[in-house]
Structure formats: C-alpha cells, structure tokens
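The values are calculated or read from the model by the stated rules, or taken from the named source; none is laboratory data. None of the values given here were measured: they were computed from a predicted structure. Cβ coordinates were reconstructed from backbone atoms using ideal geometry, including for glycine residues, and neighbour counts include every protein chain displayed. With ligands, DNA and RNA removed, areas are computed over all heavy atoms of the protein, side chains included. Shrake-Rupley method; radii C 1.70, N 1.55, O 1.52, S 1.80 Å.
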Amino acid sequence: MDLYIFNTKTREKEKFKPQKPPWVGLYTCGPTVYDYAHIGNMRAYVFSDILRRVLEFNNFKIRHVMNITDVGHLVSDADEGEDKVVLEARKQKKTPYEIAEFYTDVFFRHSAKLNIKDPTIACKATDHIQEMIDFVKVLVDNGYAYEISDGIYFDISTFPNYGQLSGIDLEEQREGARVEVNPEKRHPADFALWKKAPKNHIMQWPSPWGMGYPGWHIECSAMGLKYLDAFFDIHTGGVDHIPIHHENEIAQNWGFKGREIVKYWVHSEFLQVDGGKMAKSLGNFYTLDDIEEKGYDPIAFRYFLLNAHYRKKVNFTWEALQGAQKAIERLTEHVLKFKEAPPMEGGEPGLEGYRKSFKEAVNDDLNVPRAIALIWDILRGEEPSQDYYQFLLECDRVLGLGLAEMEKKGEEEISEEIRELIERREEARKKRNWAEADSIRDQLLEKGIRLMDTPEGVRWEKIKGGENND
Ligand code: AMP
Ligand code: ZN
C-alpha cells in the first residue's frame, strides 16, 4: 500500500518515493533555544514524530536530522533585530551557550514526555560554523551572493523559482517593503547569509569577510546537506516557515548545488489558544510544565493533538485538554481489558480488515484522527482478545500513546499512609497553610507519588523509580 503525503511545493498529495529506499532522509527545523518551547512549538514536533513513525510503519529506515538553533535567529525572521539567544543571555546575565544548553535540555525533556522519538542526529548551529562559511563562499563564488557593509546577502534575482513554495509576489513585496529596509540590498527580500559582527557582539567567528556570525537560514541548508546530501527526501517545519525560512533554504541549495535538493516539503499548521495567537504578552503562552502542573498527563496533550489532522489549525483550551485526559483514562480501562484477555481460538476474523483500514488511514497523508476512530471501534465494538491487544500495540507504533505501559490509576493501589498524607495536604490547603501543603507534597514526591490539582480535585500518580512503584 502506497504512502501519500501533501507536498506544500506542488500543493498536492503525492505518492511518497524516497531516493534511496529503504532509506529516508528526513529533516526537521528544530527549536530556537532562547526560551521554553511552548505547546504550539511542540505540535510541530509531535507532527514530525508521527510522520517518522508512519514512515517506519511502512518499513522505511529513517535518518532523522534536527537542528538546534543556538545562533543566527534574529528577533524578526528576516534580518532585523538582535539574535534571540544573545538577547536572552544578556537579560539573564548568562552566556549564550548556557542559555542554549538549558533550553535544549528542557526541549528534549518535554519531547520525551510526549513520546517524541529522539532524532537520529541533533545538530547545533554553533558546531557547524565552518560548514556554513564554506557554503556561503560557494554562493559568493558562483555569483549568487554579494557583500555589503553589514554582511553577505543572497541575491534572489539569481534564482528563478524564488517565491514558488509560498506563492508570494516578489514585485508586490518590493512595493510593500518598509522604508527602513537596508538600502544597500538589491531587493528587499534578499537575505543575510553572514552578518558582520560589531566589536562587542558576544558570538562571532572569523570568516573571509571578517568577524561575524551566520544567518539563520544557512544553518538548515548547511547541516541538511551535510547529513542528508544523497537522500534528502522530506523537510518539515511549521507553516510560518514557508514564506521566508524555507523559501530561502531552497534558494541557497539551488545556488550551492545547481538544483533543488528536497523533494517533499511538509508543513504542520499552528496551535492556537483561545482562537488566537499564543503570546507571552497575552498571558496564554503555555509550556508542557504548565500542563503537568495543572495535573494533566503530557500524553493527554499528545492525544489531543492527534485528534486533529496536522494541516488543520487546532484551538487549545483547558476544557479540550480535560476531555482528552478523560478519553485517555477511558482508553486505558478498555486497553487493560484487552491486555488481560486470552487469544481467540483460530485468530480474529475481523483483524485483517482493521489492519488494512488503519494503514489506509495513516498512509492517506497521515489521517491519524481516522486511525484513532478505528481504535475506538475496536475497543467499543469488539470482544476483548489478546489478538486485538497485539494489534493495538502494533497501531501504537504509529500513535505513540504508550498503550503497552498503560496502568490503572485507582484508589485501591495506595497505602493507608499515603492516603493519610494526601488528606492532610487537602486539609492544609483548605486552611491556606501553603507551607505545610507544599511540604507534604514534597514528602509524597519522595515516596514516588505525584499530586495533581485538577478542576475536579486532587489526583495522584505513581512516578517511575519511586519507592511506591511496583
Ligand atoms: P522556533 O523555535 O521559533 O524556531 O519554532 C519551532 C517550531 O515551532 C517551528 O517549526 C515553528 O513553525 C513552530 N511553531 C511556532 N509557533 C507555533 C504554533 N503556535 N503552533 C504550531 N507550531 C508553531
Ligand atoms: Zn530550519
């Protein structure tokens, strides 16, 4: 059965054919590590995880490359403003490397909680400065780039397909360009490959054009080609990357190789909050830690995301997350019944039909909502059996909900001592004795019990490695 994916480039669902089967080269634009990744960012990575898992489900072998942007991403996606990591370093009085390391660690911690598989190669921009300089040198030598007083810029007039990915009108863009656009640039959409650094700039490296630092777009071209050169099949990112970042990557690759490199451009839609943009200034910027602190399971958030197709906008609300959490609890109850059930003598006659439908759904441009509906058909409509349980685990290789590890969360499993502590903490909270409540919470944590304050009251869960974990 063939796999079809929507290619932003052709605006069509295309049959997926890798260049060097069974290998698939997959590149995902990684996080800019100057702050916590918010739950919108995490949607982009749950999506690339699902794509990777579907490819694996189709028996491809994946080399998944993800960059970590620790230099070069300026406050505007174009070439204006300060470097985001440097700006944050100054605010926190730390070095840019400390900032990047801290937020990279948090990113991978959050990814793990969402069952996102680690990329095969995670590469930092600052470890690839030489590759970027070499790349820019080729672009300059081949006449695709020019030097002006503040850096080296790509000349988009040299690339006839510039704007094709996003369908932008370059002439309109020229007319609409803001007055403060660097007047030395030949076209307002020409973009920086290398920036010359002012003397006091914290991050800078020697180059043929003096001390400086790379532009943001060049890192993805340089690292993508380094690690996936011969089989760069799929490139993913959020939809905001289409008009600037990915348009620029295509142009750079063309200048360097004389042809387009990436075959399939695949983009995930945005997660909105309360119907609009998520922003710190609006007070609706949430991270996975916020979700956990409110007592929700990160997997409930994954489940919430999986119930929408990746090319549709999703609106995050706490009510919707609560619904997802309830669904996961029901799912767990059902799955456990199947887990305990014996095999069906002679096998399940309906199984092959489900297997086919599941693959049809995920192979149809990752129709995961349809695949999940199918799981529910089995859980609700079929008699539990070991055969179905094994099939559910097979499906979970794609969904990544951790069905095999699902455990009952029930009152009967805690000791008298723990129950008493939980009650004492509730009392303390009622009396607004926060110090005591916090101290009991810590005691429970030491005993391997995490409390979650939910709108329906306090809930608890056992944490891995805790002494109460059986
Ligand atoms: P950044 O760290 O800003 O480079 O972004 C990391 C990823 O998150 C990129 O693929 C963005 O396209 C994506 N992204 C940013 N905001 C959102 C959002 N609200 N919803 C979904 N994806 C997003
Ligand atoms: Zn990128």
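The condition (being open to solvent by 40 Å² or more (accessible area, probe 1.4 Å) and among the aliphatic types (A, V, I, L, M)) is satisfied by just one residue among Ala404, Ala371: Ala404. Once segment 214-230 is narrowed to residues that are away from ligand 1 (no atom under 16 Å from the Cβ) and modelled with pLDDT of 95 or more, the residue that is surrounded by the most Cβ atoms within 10 Å (Cβ to Cβ) is Ala222. State whether one or more residues within segment 84-104 are within 16 Å of the chain's Cα centre (by Cα), open to solvent by 10 Å² or more (accessible area, probe 1.4 Å) and away from ligand 2 (no atom under 15 Å from the Cβ). Yes, segment 84-104 has at least one match.
Yes/no per residue for (1) touching a helix residue (DSSP H, G or I) at 6+ places or on another chain (Cβ under 8 Å); (2) within 16 Å of ligand 2 (Cβ to nearest atom):
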site: Lys185; (1), (2): no, no
site: Pro188; (1), (2): yes, no
site: Ala197; (1), (2): no, no
site: Trp209; (1), (2): no, no
site: Ile218; (1), (2): yes, yes
site: Ser221; (1), (2): yes, yes
site: Tyr227; (1), (2): no, yes
site: Phe231; (1), (2): no, no
site: Gly238; (1), (2): yes, yes
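Does segment 306-315 contain at least one residue that is farther than 29 Å from Leu170 by Cα and either buried (at least 21 other Cβ atoms within 10 Å of the Cβ) or more than 15 Å from ligand 1 (Cβ to nearest atom) (or both)? Among the residues of segment 306-315, at least one is farther than 29 Å from Leu170 by Cα and either buried (at least 21 other Cβ atoms within 10 Å of the Cβ) or more than 15 Å from ligand 1 (Cβ to nearest atom) (or both), which makes the answer yes.
Does Thr8 satisfy the condition of being out of contact with any Gly (no Cβ under 8 Å at 6 or more places or on another chain), closer than 24 Å to Ala89 by Cβ, open to solvent by 10 Å² or more (accessible area, probe 1.4 Å) and of a type in the set (Val, Ile, Thr)? I'd like the intermediate steps shown before the answer.
Values: out of contact with any Gly (no Cβ under 8 Å at 6 or more places or on another chain): yes; closer than 24 Å to Ala89 by Cβ: no; open to solvent by 10 Å² or more (accessible area, probe 1.4 Å): yes; of a type in the set (Val, Ile, Thr): yes.
Against the criterion (out of contact with any Gly (no Cβ under 8 Å at 6 or more places or on another chain), closer than 24 Å to Ala89 by Cβ, open to solvent by 10 Å² or more (accessible area, probe 1.4 Å) and of a type in the set (Val, Ile, Thr)), Thr8 does not qualify.
Of the residues making up segment 385-410, those that are in a helix (DSSP H, G or I), of a type outside the set (Asp, Glu) and free of Cβ contacts under 8 Å to residues at least 40 places away in the same chain number 4. Restricted to segment 18-134, the set of strands (runs of 3 or more DSSP E) holding at least 1 residues that are within 23 Å of Leu403 (Cβ to Cβ) comprises 61-68.
For every residue, the table says whether it meets (1) touching a Ser or Thr at 6+ places or on another chain (Cβ under 6 Å); (2) within 13 Å of ligand 1 (Cβ to nearest atom); (3) open to solvent by 10 Å² or more (accessible area, probe 1.4 Å).
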site	(1), (2), (3)
Glu14	no, no, yes
Pro18	no, no, yes
Pro21	no, no, yes
Gly25	no, no, no
Thr28	yes, yes, no
Thr32	yes, yes, yes
Asp35	no, yes, yes
Met42	no, yes, no
Val54	no, no, no
